[in-house]
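Participant: For reference, the structure I am asking about is given below.
Please treat every number below as a calculation from the coordinates, not as lab data. Predicted model only: the values in this text are computed from it and were never measured. Cβ: placed from backbone, ideal geometry, glycine included. Neighbour counts: every protein chain shown.
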Amino acid sequence: MTEIGTTKATKPVWPRLGLTQETIVLFIAIAFFAVFGVTLPGFLASDNLLSLLQNVSVLGILGVAMGIVVIGRGIDLAMVATMAMSTAWTISLMNAGTGALTAVGLGLGFAAVIGIVMGILIAYVEIPAIFATLAMSTVIYGFGRLALVDLDVIYVPEDAAWLRAISGTIGGVPLPVIWFGLVALLAYAFLRFTRRGRYIFAMGDNYEAARITGIPVRPMTVVQYLLSSVIAYGAGIITASLLATVNIRVAQSTMVYDVILVVVLGGIGLSGGKGGVRNVIVGTVLIGILLNGMTIMDLSFTLQNLVKGAVLLVAIIVDSLVNPRDEQTAQQGDI
Amino acid sequence: MKSFLTGVLAALTLTTATAGMAPAKQFDDGLAPHYYSALKGKKVVFLPLAMSFDLPQVWAQGMETQAERLGYELSIRDPNWSSDAGAQALTTLISEKPDLMVVHNPDMQVYARLLARAQKAGIKVIQINLKSVATTDAYVGVNWYEVGEHQARMAISACSPEAGGSGKIAIMQGTPTNPNNAITMSAIEDVLADHPEIEVVSSQSADWDATKAHSVASTVIKQNPDLCAYVGLWEVMDAGVAAAIREADKVDAIKLFTNGGGQKPACDSLANGAFTGYVSYDAFGQARDLTNAIAQVMQSDLKPGEAPYALYTPIRDLTKDTMRDDSCWTMDDVAKAPF
């Protein structure tokens, strides 16, 4: 079992440097960090580094959730819609006078139901994940708009002090960073040390083989989407706490691609079976360094997007040169 | 006697049939009969950006109240932020031929040709809150340049070194290609050009997204410890800036100037110190302007587009001190107001 999840290319065209995409991205991140540290005054201040981490915490949490799904050779394009609608429902229930516990319970329940429905569609109805979750994201948004909330922007009620406390600080460290750390740690433990975590790698590596081996692949698929939806709900609550508002328009934004960017950039291949939480952290930190540095440099919006895209391309190009795909490493189901 | 009874009956039938609609009979003062007949039974269509935010909801509420009073038929086509869907709706509408269209443009170009075609096809068109390059019967809405001027002046008077400020301000933009963003920004730049003592330390875009605005602002605030003010281009996005200021524990040191339609949460934010200054374009007042423009355009016998006119919304600057109980509105106020 230990070999599962550590598949590597066997015959690189280039000299084998032992470089995985994760290490490449780590080097890029270190390079940027060094350059910014030397050239940008105030970049290395501990305040700035903490805010750098805080600013990508929610992205990182979503990245961990997406990572779990992608490792099992799935994808959850409905994640951001789930996050937005379930959180928005919680907050609007609170605005309507529902107790905090009930509101959170209902929101969490809604997210869980979404996850289970998606899992069933993918595992039992056998719709490809990319289509099932794409369709679900529209359904979730539409249903939410129709039945749960009727405004794009919902303000957190003034008296919800407990909600604001979720994004406070402890000993100078912003709580969102700690939540990210906690989610990452739990996901790491789940993927590495539990039997079910190893099942996810096996399924991602070779779904049919996993099934023949006796792994309960269908229930496990449901578990994956359940996890990603529930984690997304947590990320939504943290965002709501941080901004004191929920904006459901993110459901229709390109945010889900940012999440996939973090996952893929870190080196979790979309073909599944590879990678882990560390990859997500590396990808998230690189994006955080880039965004923070570019904000300090006051670069324009268009240029920032260009740089982000270019860095992703460079990472992928270097990876395909160092770890080329061949008949042995290519898998059915590669995107 | 019989004829009297018939008369009473006829009057009763008429009253029931027209209950809640335009009065059956009018005192003819020379205008009233035309005013009511110009709108009765007409078809008015509202094409918003989306129905899911405060501004279109207020305008639609105003029109619904007016439609009930004057007996016209109002329908709403909601493209939910998609300008493609909006353009398709417009194309369909041109062949459906309503009497009047109220159009909320996503930008200055995308509907321009369609609006011209609609006018040619004999449909009257009122544009609201963002004017397309095509000029139609009426424009009701804010002059974004004015909003930018007001915001810039607020920041200057708060931050100029003469007033004891550091002179350093930062700007939070929405999407640079968006026309109201571009127009507001050009106003801010024009005003600042006359004030070299004010330094813009950061001018970033957050794509109207509070999360991104929060990330950018938290970095900029740490980078510029003596930052005096933030100028943001939309209240909803600027909730993120406010959160970053609160987190940095600088609510008193960093002032935040923003703009919006003047709904209740804006006044709450002024009261609790999240916003320092707010340029309100009073969507409630716009609803009244809009319903008046509908009445005016429909009474006119001119061809569509023959005599275009504008009603630019009077804007007002709100601060904690100038704010009054009635400075902001709620949806309930709008629903209960006459139009």
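Participant: Among bridges DSSP assigns within chain B, what percent are antiparallel (round to 5)?
Facilitator: Roughly 10 percent of the DSSP beta bridges within chain B come out antiparallel.
Participant: What's the longest bit of chain A with no exposed trypsin sites (Lys or Arg not before Pro), using DSSP loop states and at most 14 other Cβ atoms within 10 Å as the test?
Facilitator: No qualifying site falls inside A:17-324, the longest such stretch.
Participant: Let me ask you something else. Please give the FRET efficiency for B:LYS120 paired with B:LYS40, using the beta carbon to beta carbon distance and R0 = 25 Å, rounded to the nearest 0.05.
Facilitator: According to the calculation, E is roughly 0.45.
Participant: How well do other chains shield peptide A:245-255, expressed as the mean number of their Cβ atoms within 10 Å of each residue Cβ?
Facilitator: Shielding by partners across A:245-255 averages 4.
Participant: Starting from the Kirkwood radius over alpha-carbon pairs of the range B:117-194, derive D by Stokes-Einstein at 4 °C in a medium of 1.567 mPa s and give it in µm² s⁻¹.
Facilitator: Translational D for this selection: 89 µm²/s.
Participant: Could you give the size of the charge dipole of the protein assembly as shown about its Cα centre, using +1 on the Cβ of each K and R and -1 on the Cβ of each D and E, expressed in debye and rounded to the nearest 20?
Facilitator: Dipole about the Cα centre, nearest 20: 1900 debye.
Participant: So, one more: Work the Kirkwood hydrodynamic radius out for the range A:83-226: mean of 1/r over every pair of different alpha-carbon atoms, inverted, in Å.
Facilitator: About 17.6 Å for the range A:83-226.
Participant: Test of understanding: extend the Cα→C-beta vector of A:LEU270 to 7 Å, then name every residue of the range A:107-134 with backbone N under 17 Å from that spot.
Facilitator: Under cut-off, by backbone N: A:128-134.
Participant: OK, next. Take every Cα pair under 8 Å in chain A that's 6+ residues apart, average their separations, divide by the length, and report that relative contact order as a whole percent.
Facilitator: 38 percent
Participant: What size of dipole, in debye to the nearest 20, comes out for the range A:21-322 about its Cα centre when the only charges are +1 on Lys and Arg C-beta atoms and -1 on Asp and Glu C-beta atoms?
Facilitator: Here the range A:21-322 has a charge dipole of around 720 debye.
Participant: Which of rounded, prolate, oblate describes the range A:15-151, given a ≥ b ≥ c as roots of the alpha-carbon gyration tensor eigenvalues and a/c under 1.5 marking rounded, otherwise prolate only if a/b is larger than b/c?
Facilitator: Note, shape of the range A:15-151 comes out oblate.
Participant: If each residue's Cβ is checked for other Cβ atoms within 10 Å, how do B:SER202, B:SER215 rank with the fewest at the top?
Facilitator: By the 10 Å Cβ count, ascending, the order reads B:SER202, B:SER215.
Participant: Right, here's the next one. Using only Cα atoms, figure out Rg for the range A:196-335 and give it as a multiple of 2.2 N^0.38 Å.
Facilitator: 1.25
Participant: In addition: Sort A:PHE143, B:PHE27 by Cβ crowding within 10 Å, fewest neighbours at the top.
Facilitator: With the fewest neighbours first, A:PHE143, B:PHE27 line up as B:PHE27, A:PHE143.
Participant: Can you pull the percent of Cα pairs in the range B:144-280 with separation above 18 Å?
Facilitator: 48 percent
Participant: Based on other C-beta atoms within 10 Å, arrange A:SER253, B:SER186 from fewest to most.
Facilitator: Ascending number of Cβ neighbours within 10 Å: B:SER186, A:SER253.
Participant: Moving on. Under the definition of Cα pairs under 8 Å and six or more residues apart, what whole-number percent is the relative contact order of chain B?
Facilitator: So the answer I get is 18 percent.
Participant: Between the DSSP loop rule and a limit of at most 15 other Cβ atoms within 10 Å, which trypsin sites (Lys or Arg not before Pro) in the range B:235-339 are left?
Facilitator: B:LYS250, B:LYS320, B:ARG324
Participant: Regarding chain A, what's the average projected area of the Cα-atom convex hull, expressed in nm²?
Facilitator: 17.9 nm²
Participant: Something else about it: Work out the mean other chain Cβ neighbour count within 10 Å for the residues of A:42-52 and drop it here as an integer.
Facilitator: 4
Participant: If packing is taken as the mean number of other Cβ atoms within 10 Å per residue, what is the order of A:84-95, A:55-66, highest first?
Facilitator: A:55-66, A:84-95
Participant: With no solvent and one equal point scatterer per Cα, compute the Debye intensity ratio I(q)/I(0) for the protein assembly as shown at 0.08, 0.11, 0.12 Å⁻¹ and report its log10, rounded to two decimals.
Facilitator: So the normalised log intensities work out to -0.69, -1.16, -1.30.
Participant: Quick one: of the DSSP bridges fully inside the protein assembly as shown, what percent are antiparallel, nearest 5?
Facilitator: 20 percent
Participant: Over all directions, the average projected area of the alpha-carbon convex hull for chain B comes to how many nm²?
Facilitator: About 20.2 nm², averaged over all directions.
Participant: Please find, in a Gaussian network model of chain A (springs between Cα atoms separated by less than 10 Å), the residue of A:VAL173, A:VAL256, A:VAL80 whose mean-square fluctuation is greatest.
Facilitator: Maximum fluctuation in the GNM of chain A, among the listed residues, is at A:VAL173.
Participant: To continue, here is another question. Compute the convex hull volume of the Cα atoms of the range A:157-247, divide it by the residue count, and report the result per residue in Å³ as a whole number.
Facilitator: 118 Å³
Participant: Right, next: Partner chain Cβ atoms within 10 Å, averaged over the residues of B:201-214 - can you pull that number for me?
Facilitator: 5
Participant: Among the lysines, which fall within straight-line cross-link reach of B:LYS250, defined as a Cα-Cα distance under 18 Å, with same-chain neighbours fewer than 8 residues apart omitted?
Facilitator: Output for B:LYS250: B:LYS168, B:LYS222, B:LYS320.
Participant: Helix-only mean residue ellipticity at 222 nm, chain A, DSSP H runs n ≥ 4 weighted -39,500 (n - 2.57), per residue, nearest 500. What is it?
Facilitator: That comes out to -22500 deg cm²/dmol.
Participant: Taking chain A as a Gaussian network, Cα atoms linked when under 10 Å apart, which of A:VAL264, A:VAL125, A:VAL277 shows the biggest mean-square fluctuation?
Facilitator: A:VAL125
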